[in-house]
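The values are calculated or read from the model by the stated rules, or taken from the named source; none is laboratory data. Not measured: the values here are computed from a predicted model. Here Cβ is always computed from backbone atoms with ideal geometry, including for glycine, and neighbour counts include all displayed protein chains. Surface areas here come from the heavy atoms of the whole protein model, side chains and all, with no ligands, DNA or RNA. Shrake-Rupley method; radii C 1.70, N 1.55, O 1.52, S 1.80 Å.
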Amino acid sequence: MAALWLTASLAGCGVVSNGDNQKTEETAANTKDGGKIVIGMSMDTLKEERWQKDRDIFTSKVEELGGEVKVLAANGDDATQLSQAEQLISQGVDVLVVIAHNAEATAPIVEKAHKEGIKVIAYDRLINNAEVDYYISFDNVRVGELQAQAVIDKAPKGNIVYIGGADTDNNAHMFKEGAMNILKPLEEKGDIKIVYDQFSKDWKPEEALKNMENALTANKNDVQGVVAANDGTAGGSIQALTAQGMAGKIPVSGQDADLAAVQRIAEGTQLMTVYKPINSIATKAAEMAVAAAKGETVSTEKTVNNGKIDVPSVLLDPLAVNKENLDVLIKDGFHKLEDVYKNVPKDQWPKQ
């Protein structure tokens, strides 16, 4: 009955698993003594294309290294993510990899894992005010700088709108920090004016849409550029611009290289995206997790302060992608040519 209750409760929480979640206490104990390594992966969401790719590449690499992965996705709910992390801990995973929905709310996960001797790796999103063992991400301040610089190169004068991500996500603050490194000095010089600056709850495109509509209304459509923190918020922003007949006339940034976004770039309604090679971060994270599970030293070159400690970190380099270098995504196998240019007349497709 307990097993049936657990199965039902997991289904009710929208849990996504890519492995057998029926690991026994005996198996967990054997893992610690040299049995098969089991990595727990607590994910914020799997509703976005990008995170599905992270999961698949990470899982594939861990399996290649002889381990297995248990994946639970919280679909953007803090309480669910905490509960799911506790489930993974109770199943005796060797290492817990966390993609946090809320940088603060996930802090108790680290303490709970450590009580059971389980190390925690914060994946792409830092967990604040906790003794996280390792953090792997891209240089997120640099991401924001790339976004803002691309927009400014197209719109060096005038009114600029900043459409941020989720206020609860530490990354969103880092993206904004990077963007403001570019924008603020130009505003101080009088070249531009930041006329709107708001976060978008839970990274939802519909929240970005509302923000962009408010920005256009407040400024009577007198906007020359939009720095949007990711491709979802870019999509919401472009929807608002489309309603005003401004799409394609106003440069809009993005991030993650989602298919819909690179299609917009090919079509000309989105200026750029920041490509964070998921193969690189997912593969490296898998290697780190397996090494940590074996008790081996994990090599890190940098640290990032999370409000409590300087977390040993691996920070990878992001890449700005626009209409001129979309082929990098195709060469990496991230997207297919026919998908990227689906909405573009075939005689305008690049020659291969």
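If you go through segment 177-233 one residue at a time, how many are at positive phi and polar (S, T, N, Q)? Steps first, please.
Residues of segment 177-233 at positive phi: 190, 202-203, 220-221.
Those left that are additionally polar (S, T, N, Q): 221.
The qualifying residues number 1.
Could you list, in sequence order, the residues of segment 104-141 that are under 22 Å from Asn279 (Cβ atoms), open to solvent by 10 Å² or more (accessible area, probe 1.4 Å) and touching a Leu at 6+ places or on another chain (Cβ under 7 Å)? Within segment 104-141, just Asp139 meets the criteria. If you go through segment 142-178 and pick out every residue that is surrounded by 18 or more Cβ atoms within 10 Å (Cβ to Cβ) and within 17 Å of the chain's Cα centre (by Cα), you end up with 20.
So that you can scan it fast, the table gives a plain yes or no per residue for (1) under 29 Å from Ala282 (Cβ atoms); (2) among the aliphatic types (A, V, I, L, M); (3) modelled with pLDDT under 95; (4) part of a helix (DSSP H, G or I):
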{"position": "Glu145", "(1), (2), (3), (4)": "yes, no, no, yes"}
{"position": "Ala148", "(1), (2), (3), (4)": "yes, yes, no, yes"}
{"position": "Ile152", "(1), (2), (3), (4)": "no, yes, no, yes"}
{"position": "Pro156", "(1), (2), (3), (4)": "no, no, no, no"}
{"position": "Gly165", "(1), (2), (3), (4)": "yes, no, no, no"}
{"position": "Asn171", "(1), (2), (3), (4)": "yes, no, yes, yes"}
{"position": "Ala179", "(1), (2), (3), (4)": "yes, yes, no, yes"}
{"position": "Glu188", "(1), (2), (3), (4)": "no, no, no, yes"}
{"position": "Val195", "(1), (2), (3), (4)": "no, yes, no, no"}
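Scanning segment 205-222 for residues that are open to solvent by less than 80 Å² (accessible area, probe 1.4 Å) and in a loop (DSSP other than H, G, I, E, B) gives Asn219, Asn221, Asp222.
Name the residues in segment 46-62 that are among the basic types (Lys, Arg) and not in a helix (DSSP H, G or I), would you?
Lys47, the sole residue that qualifies.
Selection within segment 331-346: residues that are in contact with a helix residue (DSSP H, G or I) (Cβ under 7 Å, 6 or more places away or on another chain), part of a helix (DSSP H, G or I) and open to solvent by 20 Å² or more (accessible area, probe 1.4 Å). The member of this set that is farthest from Thr269 (Cα to Cα) is Leu337. Give the residue that is nearest to Phe58 (Cα to Cα), with candidates limited to residues of segment 72-89 that are of a type in the set (Gly, Ala, Ser) and in contact (Cβ under 8 Å) with a residue 12 or more places away in the chain. Residue satisfying both the conditions and the ranking: Ala73.
So, in segment 237-257, of the ones that are of a type in the set (Ser, Thr, Tyr) and touching a helix residue (DSSP H, G or I) at 6+ places or on another chain (Cβ under 6 Å), which residue ends up surrounded by the fewest Cβ atoms within 10 Å (Cβ to Cβ)?
So in segment 237-257, the residues of a type in the set (Ser, Thr, Tyr) come out as 237, 242, 253.
This time we only want the ones that are touching a helix residue (DSSP H, G or I) at 6+ places or on another chain (Cβ under 6 Å), so: 237, 253.
On the way: Ser237: 31, Ser253: 35.
If we take residues in segment 237-257 being of a type in the set (Ser, Thr, Tyr) and touching a helix residue (DSSP H, G or I) at 6+ places or on another chain (Cβ under 6 Å), then Ser237 is surrounded by the fewest Cβ atoms within 10 Å (Cβ to Cβ).
Cβ-Cβ contacts under 6 Å between residues 6 or more apart (or on different chains), taken from a first residue in segment 104-124 that is of a type in the set (A, V, I, L, M) and part of a loop (DSSP other than H, G, I, E, B) to a second residue that is modelled with pLDDT of 95 or more and open to solvent by less than 10 Å² (accessible area, probe 1.4 Å), are listed as Ile118/Leu96.
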